[in-house]
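The values are calculated or read from the model by the stated rules, or taken from the named source; none is laboratory data. The structure presented is a predicted model; accordingly, all values stated were derived computationally and were not measured. Cβ: placed from backbone, ideal geometry, glycine included. Neighbour counts: every protein chain shown.
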Amino acid sequence: MTAESEDIRERTLGSAFPENIPGIDISSGLERLGGARALFIRLLKEFCRDSAGMTDEIKYALNHDDMDKAAQLAHTLQGVAGNLSAKDIYQAALKLQSGIRQRNGGLLDGLLEALDQALRQVVESVKSLEPSGLEQTDEKGEKSIALERPATRIGHDNNCRILIVEDVPQNMQIISSILKKENYRLAFAQDGKTALEKVRDGKIDLILLDIVMPGMDGFEVSRKLKENPETTDIPVIFTSVKDEMENILKGFEAGAVDYVTKPFNPSELLARVRTHAELKKKRDNEKELIARLEATLAEVKQLSGLLPICSGCKKIRDDEGYWHQLEKYFSSRTEVQFTHSLCPACMKELYPDIAERVLKNMMSKKLSDKDG
């Protein structure tokens, strides 16, 4: 979808935009998206569609004693709900995660019911909204969120390329919407394997990396990046829900330079990204400068130390034992260019008949130039 079509949709919404959506903090959600009402409604609709039956999936995982899967599903709900300011779903998912971690079976049924009720409330509220008309379909005919690349802003060229690694499309779109304010060049990956491929195939300056993903999680992705000399210097910023301090600490151990919490605070996200993008640029510039200095020093070293020179013919011996004319030796190792002349002593020896007269004329000219 183009920025122009988004603007048209914004104007179309106008006063029809709802003042209140039960279970949703509209003002907070719009602030996170820079006031993009059409995008906000679109993401809400996508969230309701994708979360349908989520509580049944969690219940199925719990019944089969797959606590990790159940916790991951609750974590996903919490993260997206927080970013969309669905406060009741956020709190219910948070409490459910805590119950799952504590394996408190007596409370899980009640926590699941509370989550299900919060989801139903938001789903019913969003259903009543006018269709946004902004959903797109993929090759299979299924609706999907368009991950837009920010339009170029006149007078502002940001060459920093950021890879967003996030398995939930709504979260990915929200991050994209925030970062496009500063016109970063964006790339996307929805799993760890794809993220590593993106880094290998193209120049990436910074990575925003979700921790909890199916398959390869963020910790493993970061460790693999740090083990590779070609990618070890790429700064990694983890994204995590604010209550996961243990995951944040593990992220630093895995090589992260910073973290941002969900729900995202746009100002905080931009500030942290800007800081580490600028630091990366400075480090790259320093590396380039050091490389140039080392190349220059390598040339200078060829002329440092003792030079074996013949006391008779004045040829210079190189490191391999070969003798060279002085001018040839220096010309091949420096940018020095030689012009030939005669010193006074050699002129008197080689041309005794005219030496005195030539030297006198040279001295007179030198004095005349000096006086002039």
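I'd like the residue in region 337-359 that is assigned to a loop (DSSP other than H, G, I, E, B) and more than 19 Å from Gln325 (Cβ to Cβ) and, out of all such residues, is farthest from the chain's Cα centre (by Cα).
Among those that are assigned to a loop (DSSP other than H, G, I, E, B) and more than 19 Å from Gln325 (Cβ to Cβ), it is Asp353.
Considering only region 240-273, state which residues are part of a helix (DSSP H, G or I) and buried (at least 16 other Cβ atoms within 10 Å of the Cβ).
Restricting attention to region 240-273, the residues satisfying the condition of being part of a helix (DSSP H, G or I) are 245-253, 266-273.
The answer is Asn247, Ile248, Lys250, Gly251, Pro266, Leu269, Leu270, Arg272, Val273.
Can you tell me which residue in region 323-356 is farthest from Pro308 (Cα to Cα), limited to those that are modelled with pLDDT of 80 or more, surrounded by 10 or more Cβ atoms within 10 Å (Cβ to Cβ) and not hydrophobic (A, V, I, L, M, F, W, C)?
Filtering first and then ranking leaves Glu356.
Regarding region 161-179, can at least one residue be identified that is within 15 Å of Ser51 (Cβ to Cβ), among the polar types (S, T, N, Q), modelled with pLDDT of 90 or more and assigned to a helix (DSSP H, G or I)? Don't jump to the end; show me each part of the working.
Of the residues in region 161-179, the ones within 15 Å of Ser51 (Cβ to Cβ) are 167-171.
Restricting the remaining residues to those that are among the polar types (S, T, N, Q) gives 170-171.
Next, only the ones that are modelled with pLDDT of 90 or more stay: 170-171.
Still in the list and also assigned to a helix (DSSP H, G or I): 170-171.
Yes: one or more hits.
Within the bounds of region 293-310, is there any residue that is surrounded by 10 or more Cβ atoms within 10 Å (Cβ to Cβ), in contact with a helix residue (DSSP H, G or I) (Cβ under 9 Å, 6 or more places away or on another chain) and at pLDDT 80 or above?
yes
Tally the residues that are out of contact with any Leu (no Cβ under 9 Å at 6 or more places or on another chain), modelled with pLDDT of 90 or more and either closer than 27 Å to Lys87 by Cβ or in the same structural domain as Ala92 (by TED's automatic domain parsing) (or both), restricting the search to region 226-259.
2
Could you list all residues from region 26-52 that are within 30 Å of Ile100 (Cα to Cα) and either crowded, with 17+ Cβ neighbours inside 10 Å or at pLDDT below 85 (or both)?
Result: Gly29, Arg32, Leu43, Leu44, Lys45, Glu46, Phe47, Cys48, Asp50, Ser51, Ala52.
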